[in-house]
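Any read-out appearing in this document is the output of simple, stated calculations on the displayed coordinates, not a laboratory observation. Computed from a predicted structure; not experimentally measured. So basically every Cβ, Gly included, is an ideal-geometry build from the backbone, and we count neighbours across all protein chains shown.
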């Protein structure tokens, strides 16, 4: 039977995908046409959502963006055979956005029913876990280390090194914690993966548990992601029923299980030690390090905390070999990164590619440049704590070290583009405001610095003692960078200082002419 | 639909989760799911069931943005105000809605019908600005479509 694919990813739903599926189902019944509607995750081309796909002998053909009212005309034109229509896009895998990618983590996302375990297996699912079992824990960790995989949550710490430290620590219990608290604005890869291919994350976590000798794992997700949580919880239940998780997961008598926990709207809980406190049922207050979580983590036991994308990268590495992974990338940034584009770009969404492109390629070629027709003024990379890059720095190579050399960060892979209607002084003030709202309050530079930062920026924008206040703001930022316990206070200065350096005019009182710019 | 406060039901809901390690967040989420908010009496019940002090539970309730200590408005509109939405016009959309409802963020309408809360990222950044109106996600909004969607939900 012909299969029609309609995404059920949160973003597609927010753009009416359920209405499209309902209308399609009604029209098929009315026309007495037999076809199956499969609900999938998203391919990551947000500007084409809802993207409807049809299985044809020549591969999957896409139509988009489809509204419910387009359904009758699509069927009239021959949707079921992939025939022409104004919304016809052609073979999905041949669209430039798709064909230019190297989809390792997102290979299946958008293609399959996320809760179809058989389909997951048919497309290579659990092969990485089987490989890990054949290799044994030590060699599995060696493979992860040799691949050069670094933490995709933002810090970029080598995953294999973390795993080895936890494996080498003796303890009665150890934990794997998956950080799915994807709070950075402009990032949505974790959500897409949990909604589109949840078994891949389960597989990655099982490999991690096997490698370090943990029998219990947690996923710490967000209350802002209700759909991802629902799908992931269902996937966990299916995995338990299939014996992938449970008392005999690794071997008889050697069990492994994953529990989903949901945060409660605190951005700081994305910081790994605050996350542990929250999992323990406490306020999300950052812990001082050392001791490191690999030695003294959840409930005082050795714990590895990895981002969703880090864990989801591991199955590919084990199946294809660490050499194949390490062969991709640039400098010390190996492998591929799911880059997430948003803001005022023509093409927004998720684009997975090896490190090494320039920002200009990402913004102008992949993202298609400005959507509003106004020039791009700046892009913020790496979430609310990441620096603003002006076009003069768009030659920067997408790689951890190249970004750090320009006081920026890759973070979790988000890039938000602002056109020239943006007021960078306002954005800098927001960075301080956000830090003040979300500060856990434990360390003074963050708790008080963020409030003082807003006040100084307000004074600058009111034209009060400009020179002195610029010096004061720079000094305050320096204190926050060096004196904060975690990345919240430590990195909030980056968007502020980058905005101040590249757009000093936006920190002056706004002139009447400028006020008139819409 | 949320239930009216009922200590027996609350105790049963708490009891069903006490086997979890570090159970407080799941307990608070469950209480808020059932009753719509976490009244002071619930704090006492949770504290005693989990062998914590009331101060510890209160500290957790007050730390997290999600937990409410009073019954919410009938309709909660959560508007994303983070950078990706800002870049695509979230401030203007929010201003349009505030003008239409004659309200401001976090201020419950006098008749208890609606409250607009800021949220920092719904993960729909690639189709910004985004909002959660009740339990319905909406993306690629502007002032007009946001006002229309909120009024339709009222």
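If the chain linking residue B:109 and residue B:95 were pulled fully straight, counting 0.36 nm for each residue of separation and taking away their Cα-Cα distance, it would gain 3.4 nm. Label-to-label distance, residue B:41 versus residue A:372, with points set 7 angstrom from Cα along the beta-carbon direction: 5.1 nm.
Principal-axis analysis of the Cα atoms of chain B puts helix B:24-35 at an angle of about 70° to the longest axis.
Segment residue B:16..residue B:102, full-extension length gain: 26.7 nm, with 0.36 nm per residue of separation and the alpha-carbon distance subtracted.
Working ranking of peptides A:142-148, A:4-10 by packing, defined as the average number of other Cβ atoms within 10 Å per residue, highest first, is A:4-10, A:142-148. Summary of the geometry: the range A:438-459 and the range A:258-322, compared by the centres of their Cα atoms, lie 26 Å apart.
Please compute the average number of Cβ atoms from other chains found within 10 Å of each residue's Cβ in peptide A:338-349.
Working: counts 0, 0, 4, 3, 10, 9, 5, 3, 0, 1, 6, 3.
Mean partner-chain Cβ count within 10 Å for A:338-349: 4.
I need the shape label for the range A:330-419. Rule: rounded when a/c is under 1.5, else prolate if a/b > b/c, else oblate, with a, b, c from the alpha carbon gyration tensor. Before the final figure, lay out the partial values.
On the way: a/c = 1.74, a/b = 1.41, b/c = 1.24.
Judged from the Cα gyration tensor, the range A:330-419 comes out prolate (a/c at least 1.5, a/b above b/c).
Relative to one another, the C-alpha centroids of the range B:80-122 and the range A:42-107 are positioned 34 Å apart.
Projecting label points 7 angstrom from Cα along Cα→Cβ for residue A:444 and residue A:139 puts them 5.5 nm apart. Once you order the gyration tensor axes a ≥ b ≥ c over the Cα atoms, which shape class does the protein assembly as shown get: rounded for a/c under 1.5, otherwise prolate or oblate by comparing a/b with b/c? Rounded is the answer for the protein assembly as shown, as its axis ratio a/c remains below 1.5.
If you line up the long axis of helix B:54-63 against the longest principal axis of chain B, both from Cα atoms, how many degrees apart are they, to the nearest 10? The answer is roughly 10 degrees.
Rounded to the nearest 10 degrees, the angle from helix B:40-50 to the longest Cα principal axis of chain B is 50 degrees.
The distance between label points at residue A:437 and residue A:468 comes to 3.2 nm (points 7 Å beyond Cα on the Cα→Cβ vector).
Rounded to the nearest 0.05, what FRET efficiency do residue A:161 and residue A:127 give with R0 = 25 Å and r taken as the Cβ-Cβ distance? Could you check?
Numbers: r = 25 Å, r/R0 = 1.00.
Computed FRET efficiency for residue A:161 and residue A:127 comes out at 0.50.
Within the protein assembly as shown, DSSP assigns beta bridges of which about 55% are antiparallel (rounded to the nearest 5). Which FRET efficiency, nearest 0.05, do residue A:451 and residue A:119 yield, Cβ-Cβ r, R0 56 Å? In this case the efficiency is close to 0.60. Distance from the C-alpha centroid of the range A:145-164 to that of the range A:360-428: 25 Å, rounded to the whole angstrom. Listed peptides A:289-301, A:345-357, A:378-390 appear in the order A:378-390, A:345-357, A:289-301 once ranked by packing, highest mean of other Cβ atoms within 10 Å at the front. Across peptide A:183-194, the average count of Cβ atoms from other chains found within 10 Å of a residue's Cβ is 5. Residues B:64, A:218, arranged from fewest to most other Cβ atoms within 10 angstrom of their Cβ, appear as B:64, A:218.
Where in the range A:421-445 is the amide nitrogen less than 19 Å from a point lying 7 Å along the Cα-to-Cβ axis of residue A:459? Output list for this probe position: A:425-426, A:428-433, A:436, A:445.
Let me confirm one metric for peptide A:377-384, namely the mean number of other chain beta-carbon atoms within 10 Å of its residues' beta-carbons.
Numbers: counts 1, 1, 1, 4, 0, 0, 4, 5.
Other-chain Cβ atoms within 10 Å of each residue's Cβ, averaged: 2.
Placing a label point 7 Å from the Cα of residue A:19 along the Cα-to-Cβ direction, the residues of the range A:38-72 with a backbone N closer than 12 Å are A:50, A:66-71. Taking 0.36 nm per residue of sequence separation and removing the Cα-Cα distance, the residue A:172/residue A:421 pair yields an extension gain of 83.9 nm.
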